[in-house]
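Take a look at the structure below.
The values are calculated or read from the model by the stated rules, or taken from the named source; none is laboratory data. These numbers come from a predicted model, not from an experiment. Every residue, glycine as well, gets a Cβ built from its backbone with ideal geometry; the counts of neighbours run over all protein chains shown. Heavy atoms of the whole protein, side chains included, go into the accessibility calculation; ligands, DNA and RNA do not. Shrake-Rupley method; radii C 1.70, N 1.55, O 1.52, S 1.80 Å.
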Amino acid sequence: MYKTFSILSLFLFSLHVMAQQKDGKRPGKSLSTPATINVAMTADNWDIAPTVAELTTWRSVPALKCLGGKGSAVLKDVDFTDGTIEYDMEPVENGFATIFFRQASSEERECFYFRTYVAGNASAIDAIQYAPYFGGVNMWDMLPCYQANADFKREKWNHVKLVISGKQMWVYVNDMSRPALKVPRLEGNTEHGRISFEGKGAIFSNLVIKPGQTEGLSPLEGPDPTDNDPRYLREWQVSQPIETKDVDFSNSFMPGKEATWETIWAERRGLVDLTRKFGPSKERRIIWLKANIHTVKEQSRKMNLGFSDEVWVFINGKYVYVDKNLYGQPLSKFPDGRCSIENTSFNVPLKEGDNELLIGVANSFYGWGIVARLDEY
């Protein structure tokens, strides 16, 4: 059993953080590492709305049971930057078991969660996932590269450890000898903030925080596996969003001569992240992306395209492709309606010299963006 997280230890930790901030340092970055914090599951340590969670005893251990209501159970008075977060989790209903960290607000934070309905299936590819929140949007559907399998079960405690260092995170589930998930780049906009939990029927206990203790994990982001692949289209021009309630495409949405454009570069893995650029969609929106493809001869090339949620593709003013990738509907693409280079492919006729690729992208659900790759030049 872990030691109780006392008011005194919390007070001492707060003084440590204040001293760092006074010296112009981020919390958790000083040469002297703060002591381990053992967090008690008692009311004085948590901000909890009645429908969000309740404090209880589970398997003879003080615990936090999430009830599925809107909001999170927020740990008081801890501003977390880097270090290790460990806890036990037991799923008792189908849903999600979520921890947030570096939470500046409910709009901007980092997130790791279990899909508890796959408990007991150690080969399920989507058992666990990391995702950032941008403007309140959970970017899970844009980053399938940050999901993985994990061996966790019902009717028992499962031990979880998050090692967070700068831009990287390694996640361990039950097996502390090898990470179940490695995140080479934390994608969120925040560097520090609160820790909180939410979910439906998920029970958490034995929360331990080790500020600054990163087990030697580098704070620098890891390599992008696509960095050396010139087939990805990375430099684009983007128009301003157009709000519409129309379901299907109309020629009236085409960009006119008066349209304004600005440069947007693809991020890791070739992702053009429109949610980071334009924020959440309150209404259905359409934007246009255009890129130049230069070839030395007339030819036809295959393009792989990942997208969310709908696209209309033109080359040199001629229509070549239209499609939808709608999560939870028959038109969803592999993998399970997420934006992935595996979503679709089609042929693009190219003339000798410069070719203008123009893609309309519509969205009204979670993340928004595309990733495009030619088979070769």
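Under a Cβ-only charge scheme (Lys and Arg +1, Asp and Glu -1), can you give me the dipole magnitude of segment 37-211 about the Cα centre, in debye to the nearest 20?
Numbers: 18 positive and 21 negative charges, 72 e Å.
Its charge dipole is roughly 340 debye.
Can you give me the C-alpha center-to-center distance between segment 137-160 and segment 300-315, rounded to a whole angstrom?
Between the Cα centres of segment 137-160 and segment 300-315 lies a distance of 30 Å.
Taking all protein chains together and a probe of 1.4 Å, list ASP141, ASP175 from the most accessible to the least accessible.
Greatest to least solvent exposure: ASP175, ASP141.
Largest first, how would HIS294, HIS192, HIS159 line up by accessible area (1.4 Å probe)? Mind showing how you got there, number by number?
Values: HIS294 105, HIS192 75, HIS159 35 Å².
Descending accessible area places them as HIS294, HIS192, HIS159.
Using the charge dipole of the chain (Lys, Arg: +1 at Cβ; Asp, Glu: -1 at Cβ; taken about the Cα centre), state which of LEU186, ALA127, THR84 has its Cα farthest towards the positive end.
Of the candidates, THR84 comes out farthest on the positive side.
How about segment 184-246: which trypsin sites (Lys or Arg not before Pro) there lie in a loop by DSSP and see at most 12 other Cβ atoms within 10 Å? Could the numbers behind the result be given before it?
Details: sites: ARG185, ARG194, LYS200, ARG231, ARG234, LYS245; in loops: ARG185, ARG231, ARG234, LYS245.
For trypsin sites (Lys or Arg not before Pro) across segment 184-246 that sit outside H, G, I, E and B with at most 12 neighbouring Cβ atoms in 10 Å, the list reads LYS245.
When only alpha-carbon atoms are used, what values of Rg and Dmax, in angstrom, describe the chain?
When restricted to Cα atoms, the chain yields Rg and Dmax of 23.0, 74 Å.
At 1.4 Å probe size, what's the solvent-accessible area of TYR232? Round to the nearest 10 Å².
20
Which lysines does LYS245 reach when only Cα atoms under 24 Å apart count, and residues fewer than 8 places away in its own chain are ignored?
Candidates past the 8-residue exclusion: LYS257, LYS277, LYS282, LYS290, LYS324, LYS333.
Per residue, how much accessible area does segment 37-211 have with a 1.4 Å probe, in Å²?
Values: 5950 Å² over 175 residues.
Solvent-accessible surface per residue comes out at 34 Å².
Segment 335-364 to segment 199-241: how many Å between their Cα centroids?
Using only Cα atoms, the two centres lie 25 Å from each other.
Note down the accessible area of GLU376, probe 1.4 Å, to the nearest 10 Å².
Approximately 90 Å² for this residue.
Which angle from 0 to 90°, rounded to the nearest 10, does the C-alpha axis of helix 7-22 make with the longest principal axis of the chain?
Its long axis makes an angle of about 50 degrees.
Write down the accessible area per residue of segment 232-374 in Å², having rolled a 1.4 Å probe over the full set of protein chains. Don't skip to the end; give the middle numbers.
Values: 6840 Å² over 143 residues.
With all protein chains present, segment 232-374 gives 48 Å² per residue.
For segment 281-317, which trypsin sites (Lys or Arg not before Pro) pass both filters: DSSP loop (anything but H, G, I, E, B) and at most 16 other C-beta atoms within 10 Å?
Within segment 281-317, the qualifying trypsin sites (Lys or Arg not before Pro) (loop, at most 16 other Cβ atoms within 10 Å) are LYS282, LYS297.
For segment 76-189, what % of the accessible area comes from carbon and sulfur atoms, probe 1.4 Å? Working shown, then result.
Numbers: 1640 of 3560 Å².
Roughly 46 percent of what the probe reaches on segment 76-189 is carbon or sulfur.
Which is farthest toward the positive dipole end of the chain among LEU358, SER252, SER165, measuring Cα position about the Cα centre, with Cβ charges +1 (Lys, Arg) and -1 (Asp, Glu)?
The listed residue farthest towards the positive side: SER165.
Between ASP248 and SER105, how many nm apart are label points set 7 Å from Cα along the C-beta direction?
Result: 4.0 nm between the two label points.
How big is the equivalent ellipsoid of segment 37-211 along its three axes, where each semi-axis is √(5λ) from the Cα gyration tensor, reported in whole Å from largest to smallest?
On the way: eigenvalues 87, 77, 49 Å².
Equivalent ellipsoid semi-axes, largest first: 21, 20, 16 Å.
What FRET efficiency comes out for LYS156 versus ASN38 if R0 is 22 angstrom and r is the Cβ-Cβ distance? Round to the nearest 0.05. Don't skip to the end; give the middle numbers.
Working: r = 21 Å, r/R0 = 0.98.
E between LYS156 and ASN38, to the nearest 0.05, is 0.55.
Placing +1 at every Lys and Arg Cβ and -1 at every Asp and Glu Cβ, with all other atoms neutral, what dipole size does the chain have around its Cα centre, in debye to the nearest 20?
Details: 44 positive and 47 negative charges, 78 e Å.
Dipole magnitude for the chain comes out near 380 debye.
Rounded to the nearest percent, how much of the accessible area of segment 219-274 (1.4 Å probe, protein heavy atoms only) is carbon and sulfur? Let's see the in-between values first.
Values: 1780 of 3550 Å².
The nonpolar share, carbon plus sulfur, comes to 50 percent.
Where in segment 358-377 is the amide nitrogen less than 20 Å from a point lying 7 Å along the Cα-to-Cβ axis of TYR327?
In segment 358-377, the label zone of TYR327 (backbone N under 20 Å from the point 7 Å along Cα→Cβ) covers 361-372.
At q = 0.15, 0.21, 0.29 Å⁻¹, what base-10 log of I(q)/I(0) does the Debye formula yield for segment 274-323 when every alpha carbon is treated as an equal point scatterer in vacuo?
-0.57, -0.96, -1.44
What is the dipole size for segment 123-180, taken about its Cα centre, with +1 at each Lys and Arg Cβ and -1 at each Asp and Glu Cβ, in debye to the nearest 20?
Details: 6 positive and 5 negative charges, 41 e Å.
Magnitude of the dipole: close to 200 debye.
Roughly what % of Cα-Cα distances in segment 232-374 sit above 21 Å, to the whole percent?
Working: 3923 of 10153 pairs.
Roughly 39 percent, rounded to a whole number.
Under the rule of -39500 (n - 2.57) per DSSP H run of 4 or more residues, summed and divided by the residues of the chain, what mean residue ellipticity at 222 nm is obtained, to the nearest 500 deg cm²/dmol?
On the way: 2 runs with 21 residues, N = 377.
So the helix-based figure for the chain works out to -1500 deg cm²/dmol.
List the trypsin sites (Lys or Arg not before Pro) within segment 251-281 that fall in a DSSP loop (any state other than H, G, I, E or B) and whose Cβ has at most 14 other Cβ atoms within 10 Å.
Values: sites: LYS257, ARG268, ARG269, ARG276, LYS277; in loops: LYS257.
Those that pass, being in a loop and sparsely packed, are LYS257.
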